[in-house]
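Here the structure comes first, spelled out in structure tokens, and everything after it is commentary.
Here, each number is a calculation from the coordinates, and none is a lab measurement. Everything numeric in this text was worked out from a predicted model, so none of it was measured. Here the Cβ positions follow ideal geometry from the backbone for every residue, glycine too, while neighbour counts run over all protein chains shown.
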Amino acid sequence: MASEKLMPAPHILIGCTGSVASIKIPMLIECLQQLNPKPEIKVVSTQHALHFFRKEEQNVIIYTDSDEWETWSSMQDPVLHIELRKWADVMIIAPLDANTLAKIANGLCDNLLTCVVRAWDFHKPLMFAPAMNTCMYEHPITATQIDLLKKLGYKEIPCISKKLACGDTGFGAMAEVLTLVSAVEQSLSSFNKNVGNTNL
Ligand SMILES: CC(C)(CO)[C@@H](O)C(=O)NCCC(=O)N/C=C\S
């Protein structure tokens, strides 16, 4: 449809953290790139998440903590986490590990990813997909912190029960990639509608 060609590319920011579920990042990027209109995708990775995929093999920009300091050296220089919160139309943190869940629930911002979240514009959707071992997931603090994030306005994409990285089977596995993609697609449908209206 002609109008679809005119639709601007939605900006999707993926946040990934130190859960083994970050092995799914390459697949998540690939599936999101199939959306129509084709989105622009950037990734913000914590240091620990980098253990689980090959940063140099991805065909999108993967920002890490060092990029924050490499892009700023004097006043007036762009501040990366502020640039990213302005650039994004939607953010999905997948996987959200137990450590970063706790940081966000307490307003900690000690790396690029948590600084973007700490500066987030709540007019834009922010979704999170927890992923951790069942023993961590069942700790009462997990539900407390997830509930707090939902009260703040972030959208949970709940864990599922399946075989975990350690061989156990149980809750704590990250939602399937296709579930993540449809959640992003849904959040963008209102975005596309809004943008479409201004084009009229
Ligand atoms: C890793 C993956 C994506 C494989 O399908 C799935 O098991 C998952 O999300 N696991 C949650 C994280 C985990 O396992 N934690 C570590 C110790 S058990």
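Taking the simple approach of a point 7 Å from Cα along Cα-to-Cβ for both ILE61 and GLU156, what is their distance in nm?
In this crude spin-label approximation the distance works out to 3.3 nm.
Mind listing the phi-derived Karplus ³J(HN,Hα) values for region 70-76, rounded to whole Hz, using 6.51, -1.76 and 1.60 with θ = phi - 60°, and x for any glycine or proline?
Using θ = phi - 60°, the values come out as 7, 9, 10, 9, 8, 3, 6 Hz.
Mind checking Rg over Rh on the chain, alpha carbons, Kirkwood formula for Rh? Let's see the in-between values first.
Values: Rg = 16.8 Å, Rh = 17.4 Å.
Rg divided by Rh gives 0.97.
Would you pull out the residues with amide H under 5 Å of ILE93's amide H, same chain only if 5 or more places away, H placed 1.01 Å from N?
GLY15, MET127, PHE128, ALA129
Work out from phi, with θ = phi - 60° and the Karplus expression 6.51 cos²θ - 1.76 cosθ + 1.60, the ³J(HN,Hα) of each residue of region 108-123, listed in order in whole Hz, and give x for Gly and Pro.
Each residue of region 108-123 in turn: 6, 8, 10, 7, 4, 4, 6, 6, 4, 5, 4, 9, 4, 8, 5, 6 Hz.
Which value, in debye to the nearest 20, gives the size of the charge dipole of region 118-182 about its Cα centre, when Lys and Arg are +1 and Asp and Glu are -1 at the Cβ? Please list the in-between numbers first.
Values: 7 positive and 6 negative charges, 36 e Å.
I would put it at about 180 debye.
For GLN33 and ASP121 in the same chain, what is the full-extension length gain: residue separation times 0.36 nm, less their Cα-Cα distance, in nm? Walk me through the numbers on the way to the answer.
Numbers: separation 88, 0.36 × 88 = 31.68 nm, distance 2.37 nm.
Full extension from GLN33 to ASP121 adds 29.3 nm.
Using only C-alpha atoms and all pairs of different ones, pull out the Kirkwood radius for region 44-127 in Å with one decimal. Let's see the in-between values first.
Details: mean 1/r = 0.0732 Å⁻¹.
Radius from the Kirkwood sum: 13.7 Å.
Kindly identify region 88-200 as rounded, prolate or oblate by the Cα gyration tensor criterion: order the square roots of the eigenvalues as a ≥ b ≥ c, call it rounded if a/c is under 1.5, otherwise compare a/b with b/c, prolate if a/b is larger, else oblate.
Working: a/c = 2.58, a/b = 1.54, b/c = 1.68.
Oblate, because a/c is 1.5 or more while a/b does not exceed b/c.
For the chain, give the magnitude of the charge dipole about the Cα centre (Cβ charges: +1 Lys/Arg, -1 Asp/Glu; no others), in debye to the nearest 20. Write out the running numbers ahead of the final one.
Numbers: 17 positive and 21 negative charges, 99 e Å.
That gives a dipole near 480 debye.
I need the peptides 51-64, 95-108 ranked by packing, meaning the mean over residues of other C-beta atoms within 10 angstrom, with the highest value on top. Don't skip to the end; give the middle numbers.
On the way: 51-64: 14.6, 95-108: 20.6.
Those peptides, ordered most packed to least, come out 95-108, 51-64.
Compute the acute angle (0 to 90°) between the alpha-carbon long axis of helix 177-199 and the principal axis of greatest extent of the alpha-carbon atoms of the chain; round to the nearest 10°.
Between helix and principal axis, roughly 30 degrees.
For LEU164, what residues show an amide H to amide H distance below 5 Å, using hydrogens built from the backbone and excluding near sequence neighbours?
So LEU164 has HN proximity to THR169, GLY170.
If you rank TRP69, TRP120, TRP87 by fewest surrounding Cβ atoms within 10 Å, what's the result? Walk me through the numbers on the way to the answer.
Numbers: TRP69 10, TRP120 21, TRP87 13.
Listing TRP69, TRP120, TRP87 from fewest to most nearby Cβ atoms yields TRP69, TRP87, TRP120.
For the peptides 70-81, 13-24, 176-187, 159-170, what is the packing order when you average, over each peptide's residues, the other Cβ atoms within 10 Å and list the highest mean first?
13-24, 176-187, 159-170, 70-81
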